[in-house]
Each structure stands twice: as structure tokens, then as C-alpha cells.
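Engineer: Dropping a structure here in C-alpha cells format, bear with me for questions.
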Amino acid sequence: MNVNDLKTLGEALRKIRKEKGLRLKDLEDEHISFATISSIERGIPTVKPQNREYYCKKLGFNIEDIPQLIHREQREHKQLENLLFLIETCINLDCDGALERLRFLQKHTQGGYMDIILYLKGLCYVKKNNLKTAEKFFKQSIQHINSKQFLSNSNIKAACYKELGRIYYQRDNSLQQALEYTNKGLAAYNENADRQEIKYFLMIDKVSFLEKQYRIDEALQTLDELWDSIQDINSLEVKLNMYELKATLLNQKKKYEKALQYAKEGLFIARENGTHEKGVELLTVWGNIRQNADDYMTAENCYNLALRLEGKLKDKKYVLVSTHTQLGKLYSKMKKYDQSYEQLTTAVAKGRKYNDAHRFCESLVALGDYYLETGKHQEAIQPYDEALTITNQFSFQRLKERILLNLSECWKNIGNNEKYISLLVELQSELRLREQEVAQA
């Protein structure tokens, strides 16, 4: 028998034993040990055939009945796989119904499908926005997989890590933990198992987290690796994120024409598919590219067009925080200070409303920069201080360095040399810390 047949037989024998109300130790004797019975039920291939045959007889089966037993178990497996597939496809349509069915299966199912059941329960709670409970089920699924003694033919473990990474970013704004879980997912990914698209989600999430940490070269390298597989990627979400992040990263590398090409291509795909949230982000990136290239008129048009889509956004209105922030920064460059102030205060107000610490922090920094540029040093201190608190809470190191520099300038202009020097000392410590981290990488 091959490894899969041994595993199937073991699960069938375990089920029969439990139906008879027997424990492992009830069946051991001078011919077969507790450990050997456990190995048989787990499908361990090193068990001697005569021990497996002996155990079958103890449970009331002749050796001739084994092929029929395996066939019956395989049929039941296929039926359960089909049911789980149907439940997964229905989570977005009838989350409560899917969850009710999964609870029943968790109670009555034995064997190798518990990891999938727990994973799907986690997805249900993500849909219900109960991320704490979702996290619990994803971690239980991983624990169940880790407890197995055989290699899984599923990428459920990688999928759980993908979801955990997103939870830690969306709920806790923890870029470092999000990146750690995403890297664990990539390490757990099996090229020969099912759910192969999980790899693409993990890789694009990694690019996004790296970009937010200003690790531009690492992000571009990962994105280039992902781009080699773009023809195999079916997910519209992944593809649009690829175009948006490619444009963003190339813009930061000052490769404006190349960046604009990706922004336009991504916007075309978003428009053709009616994906308004990503359309807003791509228009904002387009505006950022033209702003950096000193094409202020095109940049302003891009931002205003993005803002006009607000009514079409559903759950992701937080993306407009960045649009208002960038438009405010543009108006400052254009010396339109009243309009700049209006956009930046709107960005801060929206940022305070939504749970996206990184966008909110950037809006506060931009407002502080506006006050600094217009000579209102006292007014700049409040948004800078609030942003500094956020960077300390969520380890936004690069933003923290910039805030410390600008905040020290405010205190210098106010005439508080003690504050000025203490902030410069703190900035020096942060720069040395980053230098050490780069050296250790």
C-alpha cells in the first residue's frame, strides 16, 4: 500500500475503534503494543505489515476486507471535501449558515480535516469582523497541523499565517508582527500542495508591509519575484495590489515615467472591473508621481478625481486619508495655504475616525509640516507630538526619525534649547539603532 492508502486505512481503523468504544490501551497485548497501534492509526509507513494485519483482525476485519475498507473511507473523504468546499464558497454569502454547519462538523468529524474546519471558522469570524475569535481559530488550526506526524497535502497552515498577518496589521497596526506571520506563511508554503494561490497573497502582503516600513529595495525585490508569476495569478486583488505597489515603489526610487506606466495599467484594470477602492489608491499614486515630477496640475486633477469616488466606496473609505494628505501637501507646494490647511485637517479628522495608524500618522506629520512651513511653530508641536506617540506605539521608525527632526526645529525656533537638544539626542539614538539593524540584517 502507498502512503496515502496507509493514512486512509489508519483513519478508518481509528473510526472503527472509537465506534466500538475502545481505547488504544484496551487493544494492546503481548503481540502488539500501544505505540504500534498508534502508529498504525496515524498511517506511519514503517509499521510491519503483519502488525497491521493483526490489528485489523483484533477489530474484526479480515485482510481481504482492507481494500473495501479503504475504498469506503476514501469515498467518505471525498464527500467531506466537497462539503467543505461548498461551505467555503458560501462564507461571503451566508456566513452564519456556514458557521453553523462548521460547528456541527467540528463536533462530529474525526481525522485529518479538523485543520480545514478550524481555518474556515476563522474565515467566518473575519467576515463577522470578530478578529479576536478569528485569531483563536487560525492558531488552533496551526496547532492541529503541527501535531500531525505526516506531511499535509494542504497549504492551510500557510493560509492561516496569511490571515494572522492581516489581522495583526488591520487590528493592531503592528507592521513587524504582520511581517513575521507573513514570512512564517511563506516558510510553511508547499509548492506541491493545494491552495497554491496562497503564495501570491503572502508575497503581496509582504511587499505591502515592507513598503510601509520604507524597506524599498527589499519590497521591490519581492515584488519582482512575484511578477515572474503574474500570468498564473487569478486573483484580481493580488494583481491590482501589484500594480499599485510597483508604481508606489518606483515613485519612491524617482523612476517617475516607469512608475506612471504601472499606475495607468493598474487603473485601467481597476476601471474595467469596477474596483473603486483600488481606483482611488491608484489615482492617488498617479497624483504622487506627478507631484514629485513637479506636474502640479495633473497631480491636483488626479487627487480631486479620486475624492469624487468617495460615494462609491464601501468598507475602505480610509484610503481617502492618504488622498487628502497628499492633496494638502500639494497645495502647500503651490503656496495655496488655505486649501492646504483644509485638506490636511480633513485628512487628520478622517484618520482619527478609521483604524489605520500608518495613514493617520502620515496625516498628522503632514499637518505639522504645514505649520512648520508657515512659521506656526507652536501649532506644529501638537500634531507632531501625537504622531510621535503613534510611532512609539507601532514602531514606525522612519516616520519617527522625521518627526524628531522637525519637532526639534520647532522647539529651536520657539527658543527652548533644552527640548531642542533632547530631541536631537533621541534622533541620534534612533539613527544609530537603525544603523545597527542594517548591519545585522
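Engineer: For region 261-274, does any single residue satisfy the condition of being out of contact with any Pro (no Cβ under 6 Å at 6 or more places or on another chain), without any contact (Cβ under 8 Å) to a residue 40 or more places away in the chain and under 27 Å from residue 335 (Cβ atoms)?
Structural biologist: Yes, region 261-274 contains at least one residue that is out of contact with any Pro (no Cβ under 6 Å at 6 or more places or on another chain), without any contact (Cβ under 8 Å) to a residue 40 or more places away in the chain and under 27 Å from residue 335 (Cβ atoms).
Engineer: Would you check which residues across region 386-441 are touching a helix residue (DSSP H, G or I) at 6+ places or on another chain (Cβ under 8 Å), open to solvent by less than 70 Å² (accessible area, probe 1.4 Å), free of Cβ contacts under 8 Å to residues at least 24 places away in the same chain and under 19 Å from residue 369 (Cα atoms) and list them?
Structural biologist: Correct list: 386, 388, 408, 420, 423, 424.
Engineer: Hey, another quick one. Evaluate region 299-311: report whether one residue or more is at pLDDT below 95 and part of a helix (DSSP H, G or I).
Structural biologist: Taking every residue of region 299-311 in turn, at least one turns out to be at pLDDT below 95 and part of a helix (DSSP H, G or I).
Engineer: A further question on this structure: What's the number of the only condition in (1) closer than 30 Å to residue 360 by Cβ; (2) at pLDDT 95 or above; (3) not polar (S, T, N, Q) that residue 175 fails to meet?
Structural biologist: Just one mismatch for residue 175, condition (2).
Engineer: Residue 244 - would you say it is modelled with pLDDT under 95, under 18 Å from the mean Cα position of the chain (by Cα), surrounded by 13 or more Cβ atoms within 10 Å (Cβ to Cβ) and of a type in the set (D, E, K, R)?
Structural biologist: no
Engineer: Do the conditions hold for residue 53, that is, is it under 30 Å from residue 129 (Cβ atoms) and either of a type outside the set (A, V, I, L, M) or open to solvent by 50 Å² or more (accessible area, probe 1.4 Å) (or both)?
Structural biologist: no
Engineer: Can you find a residue that is over 29 Å from residue 183 (Cβ atoms) and acidic (Asp, Glu) anywhere in region 266-275?
Structural biologist: Yes, region 266-275 has at least one match.
Engineer: Hey, could you check region 331-368 for residues that are in contact (Cβ under 8 Å) with a residue 24 or more places away in the chain and outside any helix (DSSP H, G or I) and say which is surrounded by the fewest Cβ atoms within 10 Å (Cβ to Cβ)?
Structural biologist: 355
Engineer: Which one of these does residue 257 not meet: (1) over 24 Å from residue 246 (Cα atoms); (2) over 27 Å from the mean Cα position of the chain (by Cα)?
Structural biologist: It fails just one condition, (1).
Engineer: Which residues, taken from region 291-325, are of a type outside the set (Phe, Trp, Tyr) and crowded, with 24+ Cβ neighbours inside 10 Å?
Structural biologist: Within region 291-325, 299, 302, 306, 320, 321, 322, 323, 324, 325 qualify.
Engineer: Step by step: first the residues of region 260-287, then only those that are of a type in the set (Val, Ile, Thr) and either assigned to a helix (DSSP H, G or I) or within 14 Å of residue 250 (Cα to Cα) (or both), then the one that is most open to solvent (accessible area, probe 1.4 Å). Which residue is that?
Structural biologist: 269
Engineer: Hey, residue 46 hits all of (1) modelled with pLDDT of 85 or more; (2) on the phi < 0 side of the Ramachandran plot; (3) open to solvent by less than 70 Å² (accessible area, probe 1.4 Å) but one; which does it fall short on?
Structural biologist: (3)
Engineer: Which ones in region 200-237 are open to solvent by 40 Å² or more (accessible area, probe 1.4 Å) and not in a helix (DSSP H, G or I)?
Structural biologist: 214, 215, 228, 234
Engineer: Here is a further query. Return the only residue of 10, 60, 97 being among the small types (Gly, Ala, Ser) and either under 28 Å from residue 129 (Cβ atoms) or in contact with a Phe, Trp or Tyr (Cβ under 8 Å, 6 or more places away or on another chain) (or both).
Structural biologist: 97
The values are calculated or read from the model by the stated rules, or taken from the named source; none is laboratory data. Not measured: the values here are computed from a predicted model. Positions of Cβ are backbone-derived with ideal geometry, glycine not excepted, and every protein chain shown enters the neighbour counts. All accessible areas refer to the heavy atoms of the entire protein, side chains included, with ligands and DNA or RNA removed. Shrake-Rupley method; radii C 1.70, N 1.55, O 1.52, S 1.80 Å.
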